[in-house]
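Peer 1: Next up is a structure, given as structure tokens.
The values are calculated or read from the model by the stated rules, or taken from the named source; none is laboratory data. Nothing here was measured: the structure is a model prediction, and the numbers come from that model. Quick reminder, even Gly has a Cβ in these numbers, built from the backbone with ideal geometry, and neighbours come from all protein chains shown.
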Amino acid sequence: PDKVFIYELGMDDNTRISSKCIHSFAMTRADDCFHLSSKELVVSKDDRLLLFSFEGNMLVECTLKSRVNCISAGVITKKGMASITVGLENGDVLNLLVRPTFPVDFELQRTHGVSEIIQSPNQAVFAVIDDERTLYVYHGSTR
């Protein structure tokens, strides 16, 4: 998308829903990406991850080692925390907890850039497609 809008929805009465735009920001490149967790919006801008509340407040900005190529669907970790997996241009795959510091849950270093990540719902298996169009499948416990 060219622009992201965060709306506040309300109920005027039993028949009408109202909406008010409370925050917006431009997506500057076609390959910027975003992910919705249950409580926040995560946006990638080059080598940065930005965490926004649904009220439109930026909670934290985290700079990574390389540009973010993709963000996979979030999962709930064994400890009950939401996480996202990001593929970086330098080939690294990071599973990050969606918390204000984006702590790294695991890191997989690779030699080619990552163009797509697909995870099983329980995060036991995930697949990585690299910039060379090669598919790699990993078991989550052995990586």
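Peer 1: Is it the case that Gly10 is exposed (fewer than 13 other Cβ atoms within 10 Å of the Cβ), part of a strand (DSSP E or B) and modelled with pLDDT of 75 or more?
Peer 2: Against the criterion (exposed (fewer than 13 other Cβ atoms within 10 Å of the Cβ), part of a strand (DSSP E or B) and modelled with pLDDT of 75 or more), Gly10 qualifies.
Peer 1: Show the residue pairs that are 6+ apart or on different chains and have beta-carbon atoms under 8 Å apart, the first residue being within the stretch 106-133 and loosely packed, with under 13 Cβ neighbours inside 10 Å, the second being among the polar types (S, T, N, Q) and at pLDDT below 75.
Peer 2: Ala124/Ser141
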